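Asks: I am attaching a structure below and will ask some questions about it afterwards.
All of the numbers you see were taken from the coordinates with simple rules; none came from a lab. Please read these numbers as outputs of a predicted model, since none were measured by experiment. No Cβ is skipped: glycine too gets one built from the backbone with ideal geometry, and neighbour counts run over all protein chains shown.
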Amino acid sequence: MITFDNVSKRYESGQDALMRVSLEIERGDMVFLTGHSGAGKSTLLKLLTAIERPTRGSILVAGQNLNRLRRGQIPYFRRNLGIVFQNHQLLFDRSVFDNVALPLQVAGCSRRELGRRVRAALDKVGLLHKEKQNPIVLSGGEQQRVGIARAVVNKPAILVADEPTGNLDPQLSAEIMQLFADFNAVGVTVLVASHDLELIARMKRRVLTLQAGQLIYDGVPSREAAAL
Amino acid sequence: MKQPPYKKSPQISRKSQRVATEVKPQRPTGAVTARTGMGDRWHSWLGHHREMAVESLRRFFATPIASGMTALVIAIALALPAALQLGLANFQRAVAGWDGQPQISVFLHMDITEDRAEAFADTLRAELDVAEVTYISPEEALLEFQQAAGLGDALAGLDSNPLPAVLLLRPRDTEAESLEALAERLRESALVDAVVLDMAWVQRLARLTELGRRLSAGLAALLALGVVLVVVNTIRLHIENRREEILVAKLVGGTDAFVRRPFLYSGLCYGFFGGLLAWLLVAVAVALLSGPVAGLSSTYGSGYTLQGPGYRYLLGLTVGAALLGLTGAWLAVARHIQAIEPR
């Protein structure tokens with residue numbers, strides 16, 4: 001589903017954010033991406049979501065070579081992805097419902113279908129009763145769940161999350177992670193960038209670890225390894 | 001890789017079971033990518049246009065003072081050339097109503113009898129480019145001369161009438177060139193002594209009208225540019241204010257066209273209301289001036305009244321201004337929306 005082949009990214013400032021990273025994520029996998037800040041996690045996600053382009057190497061997502069993606073094709077490519085942000089990127093000038101509806105409006109979904117799908121997505125994250133509220137009045141965990149609902153409302157094949165539990169307490173973090181696991185269970189390929197090693201260890205999933213722009217670990221860690 | 005069985009997390013409500021079956025949990029290999037049919041897409045595209053049109057109106061009236069001021073700036077810029085244009089049209093109408101329309105005076109030879117003169121007048125009446133011929137006999141001319149000029153005493157000293165018979169011609173075509181041609185044809189006739197065509201007046205009027213027309217066209221072009229720039233600036237501010245929204249829309253797969261649309265409608269909105277206000281300004285000005293103008297024209301014994309900006313001006317101003325607004329918005333989004341990309 002996602003293939004990185006010898007991917008390097010050097011920013012204009014001359015900083016090497018990723019160096020010769022190769023990895024493969026199968027369809028239906030759930031993978032964690034970890035590493036210290038500055039290790040290249042964000043860069044990898046930006047490359048994956050076509051926000052940045054690689055300096056070298058090729059990236060294949062759902063059979064599409066991102067190097068060959070023209071600027072005009074990027075929006076259509078992104079519709080296959082669900083993206084969850086650390087700061088959730090919700091719009092406070094509209095209701096929870098309208099926030100979640102945005103990807104569907106963008107994709108040109110009929111009004112009836114839109115209402116049905118938005119409610120289904122909100123129901124999945126347990127926030128159906130708050131659809132009319134402004135996200136600004138919600139708690140941090142709820143806001144993040146709205147962000148997740150928005151990411152999955154278009155039924156994307158791939159769900160990408162950047163530090164989705166960054167500002168949440170352990171209990172809420174665990175709930176959010178479980179939510180990702182639930183989506184993975186119905187066939188969505190999930191990639192979560194996080195530095196919450198303990199939580200990751202508990203999930204017992206494949207982990208990719210970046211350090212200084214290089215992939216230094218790829219495997220399913222045991223609890224003891226994570227504690228090190 | 002074996003997937004763990006689907007387990008409900010505690011905060012998920014009962015309904016999610018239904019949702020889960022929709023996405024077919026028994027097929028862990030493939031996520032279902034959303035597909036939207038062509039018909040749906042067309043409907044949704046239209047729907048989005050309608051929504052954005054309504055939304056732009058809502059936004060316009062949500063900040064009535066700011067929007068009103070922008071619209072007023074546009075209105076003033078457009079009212080100026082529109083008023084000039086209307087004034088010009090009114091002026092042309094006024095001079096068209098005057099008796100001072102181009103007229104050709106044809107002086108006949110002194111020895112022409114009245115019968116021959118009348119016959120000549122009849123042949124002229126039959127010509128296509130002559131609208132009207134008035135025959136003035138030497139006696140009538142003398143009478144008129146005595147009354148008008150107060151020279152009765154001087155003329156009384158003469159033992160015979162020195163005035164010739166005159167034909168006053170009103171040509172159908174008032175173009176300077178055709179008038180000149182007609183006068184030339186008349187001069188060739190054996191009966192005619194002299195032909196006087198008051199060309200200077202006709203030419204001056206034509207030049208003056210042309211000057212006014214060019215002036216108003218130049219002003220209109222300049223002020224239209226001003227309107228476009230006002231809208232560019234306003235829309236640029238809108239774009240800055242909605243930066244977050246643009247970023248999010250682009251991240252969830254919004255095309256440039258999708259992101260552009262609300263701003264284009266806003267530009268259209270500013271232009272339309274600006275045009276409407278401009279029409280109102282002109283209409284009010286005409287209403288204020290029509291009283292004094294009617295009074296003035298009545299002292300000249302004319303029933304002339306000022307013509308207001310009719311529905312043609314309304315249509316022209318609103319549609320024209322809306323297009324200018326759209327142009328401005330387009331220039332603004334073309335420059336600024338591409339620059340807002342997720343980082």
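Asks: Say the cut-off is 28 Å between C-alpha atoms; which of A:124/A:204; A:41/A:130; A:9/A:204; A:124/B:250; A:132/A:204 go over it?
Replies: Checking Cα-Cα distances, A:41/A:130; A:9/A:204; A:132/A:204 exceed 28 Å.
Asks: Quickly work out the residue A:133-to-residue B:240 label distance, labels modelled 7 Å from Cα along the C-beta direction, and quote it in nm with one decimal.
Replies: 3.4
Asks: Related question: What do you get for Rg/Rh over the protein assembly as shown if you use C-alpha atoms and the Kirkwood form of Rh?
Replies: 1.34
Asks: In 10 Å bins starting at 0, how do the alpha-carbon pair distances of the stretch B:201-343 split up by percent?
Replies: 11, 27, 25, 17, 11, 6, 3, 0
Asks: Which ordering of B:279, B:330, B:201 is given by a fewest-first count of other beta-carbon atoms within 10 Å?
Replies: Arranged by neighbour count, lowest to highest, B:279, B:330, B:201 become B:201, B:330, B:279.
Asks: Let me ask another. Run the helix sum for chain A: -39,500 (n - 2.57) per DSSP H stretch of 4+ residues, divided by residue count, reported at 222 nm to the nearest 500 deg cm²/dmol.
Replies: -10500 deg cm²/dmol
Asks: Other chains near A:110-117: what is the mean number of their Cβ atoms within 10 Å of each residue's Cβ?
Replies: Mean partner-chain Cβ count within 10 Å for A:110-117: 3.
Asks: What's the magnitude of the charge dipole for the stretch A:92-154 around its Cα centre, counting Lys and Arg as +1 and Asp and Glu as -1 at the beta-carbon? Answer in Debye, nearest 20.
Replies: Dipole size: approximately 200 debye.
Asks: Could you give the DSSP H helices of chain A that reach 24 angstrom or more along their long axis (alpha carbon positions) and whose average Kyte-Doolittle hydropathy is no lower than 0.0?
Replies: None clear 24 Å together with a mean of 0.0.
Asks: Counting only other chains, what is the mean number of Cβ atoms within 10 angstrom of the Cβ of each residue in peptide A:122-132?
Replies: 3
Asks: Order of B:64-74, B:207-217 by packing, highest average Cβ count within 10 Å first?
Replies: Packing order, densest peptide first, comes out as B:64-74, B:207-217.
Asks: Take chain A, connect every pair of alpha-carbon atoms lying under 10 Å apart with a spring to form a Gaussian network, then pick out the residue of A:31, A:125, A:106 with the largest mean-square fluctuation.
Replies: A:106
Asks: Considering only DSSP beta bridges whose two residues both sit in the protein assembly as shown, what percent are antiparallel, to the nearest 5?
Replies: Taking every DSSP beta bridge within the protein assembly as shown, about 65 percent pair in antiparallel fashion.
Asks: May I ask you to give the average projected area over all directions of the convex hull of the Cα atoms of the stretch A:92-154, in nm² rounded to one decimal?
Replies: Reported value for the Cα convex hull: 3.7 nm².
Asks: Same structure, new question: By what distance, in whole Å, do the Cα atoms of the stretch A:92-228 stretch along each of the three principal axes, largest value first?
Replies: Cα spread of the stretch A:92-228 along its principal axes, largest to smallest: 50, 28, 27 Å.
Asks: Still on this structure: Taking neighbour Cβ counts within 10 Å as the exposure measure, how do A:74, A:158 sort from fewest upward?
Replies: Ordered by Cβ neighbours within 10 Å, fewest first: A:74, A:158.
Asks: Amide H to amide H under 5 Å from residue A:82: which residues, 5+ apart in sequence or cross-chain, H placed 1.01 Å off N in plane?
Replies: Placed amide hydrogens put A:158, A:159, A:160 under 5 Å from residue A:82.
Asks: Can I ask one more? To make sure I understand, if each residue's beta carbon is the centre and we count other beta carbons within 10 Å, what order do B:113, B:318 fall in, fewest to most?
Replies: B:113, B:318
Asks: Using only the C-alpha atoms of the stretch B:203-263, find the volume of their convex hull and express it per residue in Å³.
Replies: 72
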